[in-house]
Amino acid sequence: MSNILIVSLLFSAIRLTTPMLLAALGGLYSERSGVINIALEGLMLAGAFTAATITHYTGNPWVGLAAAILAGALVALVHGVACIQFKADQVVSGTAINILFLGIPALLSGAFFESTGATPQLPKGQLIPMAPIVLAFALVPVTWYVLYRTPFGLRLRAVGENPEAADTAGVDVSRVRYLAVMLSGALAAIGGAYLSIGQSSLFARNMSAGRGFIALAALIFGKWRPVQTMLACLLFGFAEALSIQMQGVSQIPVQFIQLIPYVLTIVVLAGFIGHSRAPRALGLPYQKKR
Amino acid sequence: MLRQKVPWTLGLCLALIAGLAGSGCNNLAKAAGDPKKVRVGIVFDSGGKDDRSFNAAAYRGVKRAAKDFPIVLRDAEPGDPASLEPAMRAFAEVGYDLIIGIGFAQTPIVEAVAKDYPKQNFAIIDGVSDLPNVASLIFKEHEGSFLVGMIAARTTKTGVVGFVGGMDVPLIHKFEVGYEEGARAANPKIVVIQNYVGVTEAAWNNPGKGKELAVAQIGKGADVIFAAAGNSGLGVFDAAEQYQKYVIGVDSNQNWVKPGFVLTSMVKRVDNAVYQIISDLVNHRFKGGIHVYGLPDGGVGIAMDQYNEKLIPPDVLRQVEEAKAKIIRGEIKVTNAMEK
């Protein structure tokens, strides 16, 4: 393989990693606070659709990105209200959001563009292909710092491990969890926005195509830690880039090559990561004792 | 405290479901209200009617028919493959006169539903059924693809051309094989790189992956890429614009999508086919069986318009026209990948 191909493989891997990394970092905040976030897929779709729509109307991708962040945080707030306020099953609530966002973009695009699930294509000048990539990788050390070196990070980890103790120490468990869940929505939405106004130039229905779930797998593979999660995302991104580069050159059937990222997901999750311990209070609603 | 909240949320959910169900029934009931008009229902495939390509062509056709004939037209766009059949049955149940399924994935569904409603008429695009009340509308995509393959091979400066297919299925291989044969006919030394977005329905709606595939092909030297991938193909258009290469559109005339970068489009006149079948029905001439659309009737072909007239030199066009005539006369045989 020539040098040019290796360089293009690397760039492709980084582009493919970006949306997953943003969603996985989002999931990290939520899950470290004790709230399972299986809704990453739906949150990405919410961000992707909002970004494409608002960019189309304003002509400014930065406004679109800001709107996507807002939309992601708001949708995540719904998940938060269900899980924190009403103590609903967190997996069920997340799944509901995923299903909801198969339908909502179709409904809204019907109202805005007389289409069902796709937005008009944006001109090249209205795309932000670089910023989300830089942001995604910059957020890894930032997340590490927030998590391990700030009071907020300490509280976040505390409510995810032992909410009773945190509560006794005077931490408002619900407040921290709400913040974490909304932050996760905002980050996943940036990942989605990258898909619609960074990598491509329109929203197509269900365009996240499972990336939110792979992000979740990367988060578990990365043991809920920022740097390891990034490495896991890079591994998946690299596998997908490799499958793209290998298709059509080698004699291996396409179907087999396209299996690579998924087989890799199963293999690493089933065998190679050793014991991955979830935050102790993950999935458990917190009921303040009176 | 918890117990009080449950009825409230439950009530909201029920209200939502009732609202959705109500609006759906309403539409059908309204449509069913006018017994004099011929009623046509169309079920799109997962690309959705705004894919600017295959489904969009079908939608144009039925809209034109609705303008020309006194028909009642309703469409359904199932979001996932599992809701195709309920959508089709819903039309059949309320007595629609013609129900059109768009896309090969609906072939078994049309067969099943048409068997249960033998007095109603059905049409399937890109699929074949033996039932007497089903019209199978199929296209010779391989022949149209042969022509765009020739244009690609005559345009490339690197001697490498690409193909990005959507879902890896025999129907799309038909495009790919025709394209490759056409490219070889124009330049025996041509290198054709082919990629598919995926192996599930999601492959039609993944422009990000479509773009990555195109970028990888451009990295390997491709400077003309034929995209037959629904919405995913629009990612190929983005890549062509970004790297200043050429893309060839599919199904609908997509020359306008990125003017200057779209060499031509392999049009598949799904619009004409559905228009024709509706017109047959309205004029009581509906016939089941196989209806083939190819080069002689303009069912497939190349799109030339103001957006690409400067991109293709006259001698290339002349060569393409000659090849077209030879294919029609049977002097050039293009392999049909679905008959292998």
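Laboratory data are not the source of any read-out in this text; all were calculated from the coordinates shown. Note that the coordinates shown come from a computational prediction; the quantities given were computed from them, not determined experimentally. Note: ideal-geometry Cβ built from the backbone for every residue, glycine included; neighbour counts use all protein chains shown.
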Query - Overall form of the stretch B:133-285 per C-alpha gyration tensor (a/c, 1.5; a/b vs b/c) - result: prolate
Requested in this report: Quick one: which residues, 5 or more positions from B:ALA228 or on another chain, have an amide H under 5 Å from its amide H? H modelled 1.01 Å from N in the peptide plane, none for Pro or chain starts.
Outcome: B:VAL164, B:GLY165, B:GLY166
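Write down the percent of antiparallel bridges among all DSSP beta bridges whose residues are both part of chain B, to the nearest 5.
5 percent
Once the Cβ-Cβ distance between A:TYR145 and A:LEU259 is put in as r, and R0 is 35 Å, what FRET efficiency do you end up with, to the nearest 0.05?
Details: r = 38 Å, r/R0 = 1.07.
That pair, A:TYR145 with A:LEU259, gives E of 0.40.
Tally Lys and Arg at +1 and Asp and Glu at -1 over the other residues with C-beta under 13 Å from the C-beta of A:ALA23: what net charge comes out? Don't jump to the answer; show the numbers that get you there.
Numbers: positive: A:ARG211; negative: A:GLU31, A:GLU41.
For residues surrounding A:ALA23, the net value is -1.
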Query raised in the report: Once you put a point 7 Å from the Cα of A:LEU100 and another 7 Å from the Cα of A:LEU154, both along the Cβ direction, what distance in nm separates them?
Result: 3.5 nm
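If each residue of separation counts as 0.36 nm, what is the full-extension length gain between A:MET130 and A:ALA111 once their alpha-carbon separation is subtracted?
In short, 3.8 nm is gained.
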Query raised in the report: Pick from B:LYS189, B:LYS245, B:LYS324: which is most flexible by mean-square fluctuation in a GNM of chain B where alpha carbon atoms under 10 Å apart are linked?
Result: B:LYS189
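Could you please report the charge total around B:ARG60, scoring K, R as +1 and D, E as -1 over all other residues with beta-carbon less than 10 angstrom from its beta-carbon? Display every interim value, and only then the final one.
Working: positive: B:LYS49, B:LYS63, B:ARG64, B:ARG269; negative: B:ASP271.
It works out to a net charge of +3.
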Query raised in the report: With the Cα gyration tensor of the stretch A:44-196 giving a ≥ b ≥ c as the square roots of its eigenvalues, does the rule (a/c under 1.5 for rounded; else a/b larger than b/c for prolate; else oblate) give rounded, prolate or oblate?
Result: oblate
Query raised in the report: What is the sum of charges around A:ALA76, taking Lys and Arg as +1, Asp and Glu as -1, for the other residues whose C-beta is under 14 Å from the C-beta of A:ALA76?
Result: -1
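By count of other Cβ within 10 Å, fewest leading, how are B:MET150, A:MET182, B:MET338 ordered? Before the final figure, lay out each step's value.
On the way: B:MET150 25, A:MET182 22, B:MET338 17.
Fewest to most other Cβ atoms nearby, the residues stand as B:MET338, A:MET182, B:MET150.
List the chymotrypsin sites (Phe, Trp or Tyr not before Pro) within the stretch B:42-81 that fall in a DSSP loop (any state other than H, G, I, E or B) and whose Cβ has at most 15 other Cβ atoms within 10 Å. Display every interim value, and only then the final one.
Values: sites: B:PHE44, B:PHE54, B:TYR59; in loops: B:PHE44.
When the chymotrypsin sites (Phe, Trp or Tyr not before Pro) of the stretch B:42-81 are filtered for loop state and at most 15 Cβ neighbours within 10 Å, nothing remains.
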Requested in this report: For the pairs B:LYS211/B:LYS333; A:LYS124/B:LYS63; B:LYS67/B:LYS174; B:LYS37/B:LYS115, note any where the Cα-Cα span goes beyond 28 Å.
Outcome: B:LYS211/B:LYS333; A:LYS124/B:LYS63; B:LYS67/B:LYS174
Query raised in the report: From the phi of every residue in the stretch A:227-232, what ³J(HN,Hα) in whole Hz does the Karplus formula 6.51 cos²θ - 1.76 cosθ + 1.60 yield, where θ is phi - 60° and glycine or proline is x?
Result: 5, 4, 5, 4, 4, 4
Query raised in the report: Which of the aspartates and glutamates could be linked to B:LYS189 by a straight reach, that is with a Cα gap under 19 Å, when you skip same-chain ones fewer than 8 residues away?
Result: B:GLU176, B:GLU180, B:GLU181, B:ASP223
Query - Dipole of chain B, positive direction: furthest Cα of B:THR156, B:GLY219, B:VAL250, with charges on the beta-carbon - result: B:VAL250
Report summary line: For chain A, longest principal axis from Cα atoms; helix A:61-80 axis from its Cα atoms; angle between them, nearest 10 degrees, is 40 degrees
Report summary line: Quick calc, B:LYS310 & A:VAL7: beta-carbon distance into FRET formula, R0 25 Å, rounding 0.05, result 0.15
Query - Vicinal HN-Hα couplings computed from phi for the stretch B:242-258 (Karplus, 6.51 cos²θ - 1.76 cosθ + 1.60; Hz; Gly/Pro x) - result: 5, 9, 6, 10, 9, 10, 10, x, 9, 6, 8, 6, 9, 4, 7, 4, 9
Query raised in the report: Does the stretch A:3-272 come out rounded, prolate or oblate by the C-alpha gyration tensor, with a ≥ b ≥ c the root eigenvalues, rounded set by a/c under 1.5 and, if not, prolate when a/b is larger than b/c and oblate if not?
Result: oblate
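For the stretch A:3-272, give the magnitude of the charge dipole about the Cα centre (Cβ charges: +1 Lys/Arg, -1 Asp/Glu; no others), in debye to the nearest 20.
Working: 13 positive and 9 negative charges, 72 e Å.
Result for the stretch A:3-272 is approximately 340 debye, rounded to the nearest 20.
In what order do B:HIS142, B:HIS291, B:HIS173 fall by count of nearby beta-carbon atoms within 10 Å, going from fewest to most?
Working: B:HIS142 26, B:HIS291 17, B:HIS173 20.
Arranged by neighbour count, lowest to highest, B:HIS142, B:HIS291, B:HIS173 become B:HIS291, B:HIS173, B:HIS142.
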Requested in this report: Putting +1 on Lys and Arg Cβ atoms and -1 on Asp and Glu Cβ atoms, find which of B:ASN231, A:TYR262, A:ALA23 reaches farthest to the positive end of the dipole of the protein assembly as shown.
Outcome: A:ALA23
Requested in this report: Any lysines with Cα under 18 Å of the A:LYS87 Cα? List them, leaving off those in the same chain fewer than 8 positions away.
Outcome: A:LYS288, A:LYS289, B:LYS5
Report task. Could you tell me which of A:PHE112, A:LEU147, A:ALA215 has its Cα farthest along the dipole of the stretch A:3-272 towards the positive end, charges placed at Cβ (Lys, Arg +1; Asp, Glu -1), taken about the Cα centre? Result -> A:LEU147
**Report entry** J(HN,Hα) series, the stretch B:211-228, from Karplus relation 6.51 cos²θ - 1.76 cosθ + 1.60, nearest Hz, glycine and proline x
**Finding:** 5, 4, 4, 5, 4, 5, 5, 4, x, 8, x, 5, 10, 9, 10, 8, 10, 10
Query raised in the report: Modelled label-to-label distance, B:THR335 and B:TYR243, 7 Å Cα→beta-carbon offset: nm?
Result: 2.6 nm
**Report entry** Helix B:314-329 axis, angle to chain B major axis (alpha carbon atoms, nearest 10°)
**Finding:** 60 degrees
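Per DSSP helix of 4 or more residues, -39500 (n - 2.57); summed, then divided by the residues of chain A. What does that give at 222 nm, rounded to the nearest 500? All intermediate terms of the calculation are to be shown ahead of the outcome.
Values: 11 runs with 197 residues, N = 290.
It lands at -23000 deg cm²/dmol.
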**Report entry** Cα-projected label distance for B:VAL199 with B:ARG285, points at 7 Å along beta-carbon direction, nm
**Finding:** 4.5 nm
Query raised in the report: Helix B:84-93 sits at what angle to the longest principal axis of chain B, using alpha carbons and giving 0 to 90 degrees rounded to 10?
Result: 50 degrees
Requested in this report: Assign unit charges at the C-beta atoms only (+1 for Lys and Arg, -1 for Asp and Glu), then state the dipole size of the stretch A:123-234 relative to its Cα centre in Debye, rounded to the nearest 20.
Outcome: 280 debye
Query - Bridge type composition, the stretch B:163-317 - antiparallel percent by DSSP, nearest 5 - result: 15 percent
Query raised in the report: Counting only residues 5 or more places away or on other chains, whose amide H sits under 5 Å from the amide H of A:ALA88 once H atoms are built in the peptide plane?
Result: A:CYS83
Report summary line: To the nearest 20 debye, the protein assembly as shown has a Cα-centred charge dipole, built from +1 on Lys and Arg Cβ and -1 on Asp and Glu Cβ, of 1380 debye
**Report entry** Debye-sum result for the stretch B:197-261 in log10 I(q)/I(0), which assumes one identical scatterer on each alpha carbon, at q = 0.15, 0.27, 0.28, 0.29 Å⁻¹
**Finding:** -0.38, -1.16, -1.23, -1.29
Report task. Return the long-range amide H neighbours of B:THR264 (sequence gap of 5 or more, or a different chain), with a cut-off of under 5 Å between placed amide H atoms. Result -> B:GLY249
